[in-house]
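In what follows, a single structure is set out as structure tokens and then discussed.
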Amino acid sequence: MRALRWSVERLWLVAGLIALWEVGTRAAGASDFPPPSQIVKGLYELWFSGPASRGFLTEQAVDDFSTSLGNLFVGWILAGLVGVLLGVLVGRSAVLNELLDPVMQFARAIPPATLLPFFIVVFQLGTTMQIVTIAFGVVWPVLLNTTDGVRSVERLYLETARVFNISAARRMTTIILPAAAPKIFAGLRVSLSFALILMVLAELTGSTSGLGARIINAQRAFEMTQLWAGIVMLGVLGCLFNGLFALLEKRLLAWHSGIRRLTT
């Protein structure tokens, strides 16, 4: 009953907005804005009307999802690894922080979309260009949050570790990274949302497969139902990724929440 009440409280506004959307679009009769019922039908026919042996996914779905999500997660994981590694190095070194902070602030201010022509020239159209575009755009939240998290570790913890002759490697794994973990996860969560946006952006340019390519092809063919189906699918994926990452973060950082409650 508690779960049902929570779902009703959270979803009533969404259901109301969808109902208004349905009524409004049917009353307007504009072909550019199909009602939600048609969009859901387009979603089903395009991606979810396949055989049960394939999880009801169509061949189109397998092609689009494997391409888009493969590029997204490869770019995001690479950016996460690089961001955490560089963030730890910069956060632990005052000299590196002074030298690299202006460069990082300048680089993160460059919109990734403006570098697409450069990436196309260097990497050519294809998977590599798309992954590089995603990785470049999403590395900055991870890098800056990791740097800030590492620099904000309580000095008392580090001094106590030195008194007990705890090695640098053990200090890193048992004190610094756990203390910085909430900010690192915050950077990873923000960067995952950016990765979805950049995935679509990269696929809009010269790609023949993926969700972004499906949307631009539908626009060129004036298939508005398929276009909106792609947009809705991206929104669903964004909500799904955010929810799953929030659950993972809550589980992995449960100890941190417990410590915070004990100290307050």
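Looking at the structure I just gave you, is Gly243 closer than 30 Å to Leu46 by Cα, assigned to a helix (DSSP H, G or I) and at pLDDT below 90?
Judged against the criteria, Gly243 is a match.
Determine, yes or no, whether Ile18 is surrounded by 13 or more Cβ atoms within 10 Å (Cβ to Cβ) and either touching a Gly at 6+ places or on another chain (Cβ under 7 Å) or under 17 Å from Gly235 (Cβ atoms) (or both).
yes
Do the conditions hold for Asn97, that is, is it at pLDDT below 90 and either touching a helix residue (DSSP H, G or I) at 6+ places or on another chain (Cβ under 7 Å) or over 30 Å from Gly50 (Cα atoms) (or both)?
yes
Give the number of residues within segment 42-70 that are in contact with a Ser or Thr (Cβ under 9 Å, 6 or more places away or on another chain), assigned to a helix (DSSP H, G or I) and either among the β-branched types (Val, Ile, Thr) or loosely packed, with under 15 Cβ neighbours inside 10 Å (or both).
Qualifying residue count, segment 42-70: 3.
Taking the options Arg108, Arg92, name whichever one is in contact (Cβ under 8 Å) with a residue 24 or more places away in the chain, closer than 30 Å to Thr208 by Cα and open to solvent by 40 Å² or more (accessible area, probe 1.4 Å).
Every option except Arg108 fails the conditions.
List the number of the failed condition for Val74; all other conditions in (1) within 30 Å of Pro141 (Cα to Cα); (2) open to solvent by less than 40 Å² (accessible area, probe 1.4 Å) hold.
(2)
Just one of Leu244, Leu248, Leu192, Leu211 is under 26 Å from Leu144 (Cβ atoms), touching a residue at least 40 places away in the same chain (Cβ under 8 Å) and under 26 Å from the mean Cα position of the chain (by Cα); which is it?
Leu192
Those residues that are more than 17 Å from Asn97 (Cβ to Cβ) and out of contact with any Ser or Thr (no Cβ under 8 Å at 6 or more places or on another chain), I need them from segment 128-148; list them, please.
Residues satisfying the conditions are Thr128, Met129, Ile131, Val132, Thr133, Ile134, Ala135, Phe136, Gly137.
Yes or no: Gly238 under 14 Å from the mean Cα position of the chain (by Cα) and assigned to a helix (DSSP H, G or I)?
yes
Residues of segment 45-89 being among the β-branched types (Val, Ile, Thr), in contact (Cβ under 8 Å) with a residue 40 or more places away in the chain and closer than 18 Å to Arg214 by Cβ, which ones?
Thr67, the sole residue that qualifies.
Which helices (runs of 4 or more DSSP H) does segment 111-224 wholly contain that include 2 or more residues that are crowded, with 18+ Cβ neighbours inside 10 Å and in contact with an Asp or Glu (Cβ under 9 Å, 6 or more places away or on another chain)?
Those helices (runs of 4 or more DSSP H) span 127-151, 177-203, 211-220.
Within segment 158-167, can one find any residue that is free of Cβ contacts under 8 Å to residues at least 60 places away in the same chain, closer than 21 Å to Lys250 by Cβ and either among the hydrophobic types (A, V, I, L, M, F, W, C) or touching a helix residue (DSSP H, G or I) at 6+ places or on another chain (Cβ under 6 Å) (or both)?
no
So is Gly80 more than 22 Å from Leu237 (Cα to Cα) and surrounded by 15 or more Cβ atoms within 10 Å (Cβ to Cβ) or not?
When the stated conditions are applied, Gly80 does not pass them.
The values are calculated or read from the model by the stated rules, or taken from the named source; none is laboratory data. Quantities reported herein were computed from a predicted structural model and do not represent experimental measurements. With ideal geometry, Cβ positions are generated from the backbone for all residues, glycine too; neighbour counts draw on all protein chains shown. Note: areas computed on protein heavy atoms with side chains; ligands, DNA, RNA excluded. Shrake-Rupley method; radii C 1.70, N 1.55, O 1.52, S 1.80 Å.
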